[in-house]
Each structure stands twice: as C-alpha cells, then as structure tokens.
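S.K.: I have a structure here, written as structure tokens, and I will follow up with some questions on it.
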Amino acid sequence: MLILAPFWPLIRGIVAAFRADPIEVPFYDRVAAAEEAVAAVAAHASPRTAALYVSSPSNPTGRVLPEPWLAALAEWADREGVWLISDEVYEDFVYRGAHVSTARFLPERTLSVFSFSKAYGMAGNRTGYLVGPEAAVTQALKISTHTSYAAPTSGQVAGLRALRGGAEWIANARTSYEEVGRKAAERLGVSAPEGSTFLFLDVAEKLDARGIWGFLEDCVSDGVALAPGPSCGRDYQGWVRLCYTAAPPDQVLAAVDRLAARLR
C-alpha cells in the first residue's frame, strides 16, 4: 500500500497490522503539479501495489490537494487497477481552496473515511463512517465486527444528532481554527495552513547531536508538546507537528510564542 507522506502517524502501523507493506511516498512537500503527483506515486509502485492512501486536507501538513491532482491520481489508480483509501476526516476544515473527494473520480474503487472525532470534536466517542462500493463495505464490516465489534452506542447516537444539527458548531469551529492556525503560522514564519488542524515544521537547522528527540525534550521544558516528524514518515527526521486545536486558542498561541522563541 502506497502512503503519501508525511502522513497520519497511525496509518503505517495499521497497514502493517493487516500484513501489508506500507510504502512511503514523499509527497506533500515535494510535489508542485498534477503530473509530478502521478510521477511520485508511479515511481514507488510495483506489481504488488494494491492501494494508495491519500489524505486531504492533510494530517500533518495542512495541505488541501487541488482537484486536478486528485483527478490525475484517480486516473492513474484506475489504469493500474489500484484502490484508493481516501482519508477525508478534516473535510469540514478547509480555509483555502475547496475540499474535493477522490471518490468523485473513481467511485467504484474508492473507500472514503470520515470521522466525528474531527468534524465535531468528539474524539472520545470513537465514531466515524466509511463510504464506498457495497461489496467492499460489506467486507469491511466483517473486519470491524471481529476487531472492535462496534462503535459505542452512545457515540453513534451523538454522531447522528451532530449530523442533524451540528452545522453551526462546525461553522464556529472552522472560524476559530482558521484564525488560530493563521496566527500561529505568522508567529512561526511559515505559510498559513490550507486545511486540517496542524502545522508541520522543518526544524532540522535547530537540532544538535541529540537529534529530534533532544529538541522535543527542550520544547517540553518550555511547556510545549509536539509530535515527532519521523512518526509521519522516515524522510522527516528533522520535522515536528504542531496541533493548534489541542488547547484553547490563547493557550495554543502562548505555546507558539515559546516555540518561536526557541527557534529564534
């Protein structure tokens, strides 16, 4: 399974747990056009390639993939007989451009993943949903039943109520997330995120002999907890991920100020 990198940290282990080989494709910080997107994926493909994992809006980069890129990747997948696993859990949090589902271009071989955890701030409920061809979803239900059995009933009830009456909550959250993400990016001297709830920062020039782990320890001593870039891909040893919705905006921006001071 090809995985566009940097990626959501857990996907690599999930793929391996199901006895597939996760193949990392350096992508979000390397690709600038639809043709390059296809070339990057094709360069890592083999006759054993069964699926391609795409995340947009991206965790951890905050990138929103343009429609022509997604269409080109879907065309390549169709040509090669590859399934698309489309991680769309941040679909409601797009600040520049527009969210486009990969399933629009290859519905017969795309599984789209969504989450109440991200859309409605309900991470503790462990509830989400999968959209795809009926035959594939039927098999996925079998796997789900024999691993986690079912999402908690309370989580399902909360999710249903959120779908019916949560539009105002999402709108308010999107406004808040966009503002704090923009302010955090400004203070760190990087581009504002296009979507999701993260900034992915290259701190390689600030590392000493202890590497990224020493840098993270120093940040903790400043009262700032960051995720290590290597968990998002082996090519990202000098990167860190900052979640700017992990605490109230004033606390996040205070932490960003401390991080900016350390980077200076």
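S.K.: Out of 39, 32, 16, I need the residue that is out of contact with any Ser or Thr (no Cβ under 8 Å at 6 or more places or on another chain), modelled with pLDDT of 95 or more, open to solvent by 40 Å² or more (accessible area, probe 1.4 Å) and not in a helix (DSSP H, G or I). Which one?
M.R.: Matching residue, one of 39, 32, 16: 32.
S.K.: Taking the residues in region 200-215 that are open to solvent by 20 Å² or more (accessible area, probe 1.4 Å) and among the aliphatic types (A, V, I, L, M) as candidates, determine which candidate is farthest from the chain's Cα centre (by Cα).
M.R.: Only one residue fits best here, namely 209.
S.K.: Between a residue in region 44-68 that is free of Cβ contacts under 8 Å to residues at least 40 places away in the same chain and any residue that is in a loop (DSSP other than H, G, I, E, B) and among the small types (Gly, Ala, Ser), which pairs come within a Cβ distance under 6 Å, given they are 6 or more apart or on different chains?
M.R.: That search, which allows pairs on different chains as well, returns 65/56.
S.K.: Six or more apart or on different chains, Cβ under 9 Å: which pairs go from a residue in region 124-148 that's within 17 Å of residue 14 (Cβ to Cβ) and part of a helix (DSSP H, G or I) to one that's open to solvent by less than 50 Å² (accessible area, probe 1.4 Å) and of a type outside the set (Val, Ile, Thr)? Could you list them?
M.R.: Note: pairs meeting the criteria are 136/109; 136/111; 140/111; 140/132; 144/151.
S.K.: With respect to residue 22, determine if the residue is of a type outside the set (Gly, Ala, Ser), buried (at least 20 other Cβ atoms within 10 Å of the Cβ), at pLDDT 95 or above and in contact with a Lys or Arg (Cβ under 7 Å, 6 or more places away or on another chain).
M.R.: Answer is no for this residue.
S.K.: Filter region 74-100 down to the residues that are open to solvent by 30 Å² or more (accessible area, probe 1.4 Å) and free of Cβ contacts under 8 Å to residues at least 60 places away in the same chain, then identify the one that is nearest to the chain's Cα centre (by Cα).
M.R.: Once the filter is applied, the top-ranked residue is 91.
S.K.: Show the residue pairs meeting these rules: Cβ distance below 6 Å; 6+ apart or different chains; first residue within region 26-39 and farther than 14 Å from residue 64 by Cβ; second residue surrounded by fewer than 17 Cβ atoms within 10 Å (Cβ to Cβ) and hydroxyl-bearing (Ser, Thr, Tyr).
M.R.: Hits for this filter: zero, empty list.
S.K.: Could you pull out the residue among 119, 123, 71 that is aliphatic (A, V, I, L, M), in contact with a Ser or Thr (Cβ under 7 Å, 6 or more places away or on another chain) and either more than 25 Å from residue 39 (Cα to Cα) or open to solvent by 20 Å² or more (accessible area, probe 1.4 Å) (or both)?
M.R.: 123
S.K.: Further, regarding this structure: Check 195, 166, 181 and return the single one that is under 12 Å from residue 244 (Cβ atoms), out of contact with any Asp or Glu (no Cβ under 6 Å at 6 or more places or on another chain) and buried (at least 19 other Cβ atoms within 10 Å of the Cβ).
M.R.: Checking each option against the conditions leaves just 181.
S.K.: Go through (1) over 24 Å from residue 90 (Cα atoms); (2) not in a loop (DSSP other than H, G, I, E, B) for residue 52 and report which single condition fails.
M.R.: Residue 52 satisfies every listed condition except (1).
S.K.: Please state which one of 234, 264, 258, 241 is open to solvent by 30 Å² or more (accessible area, probe 1.4 Å) and free of Cβ contacts under 8 Å to residues at least 12 places away in the same chain.
M.R.: Criteria check complete, one pass: 264.
The values are calculated or read from the model by the stated rules, or taken from the named source; none is laboratory data. What you see is a predicted model; the values in this text were computed from it and never measured. Positions of Cβ are backbone-derived with ideal geometry, glycine not excepted, and every protein chain shown enters the neighbour counts. Quick note on the areas: whole protein, heavy atoms, side chains included, nothing else; ligands and nucleic acids left out. Shrake-Rupley method; radii C 1.70, N 1.55, O 1.52, S 1.80 Å.
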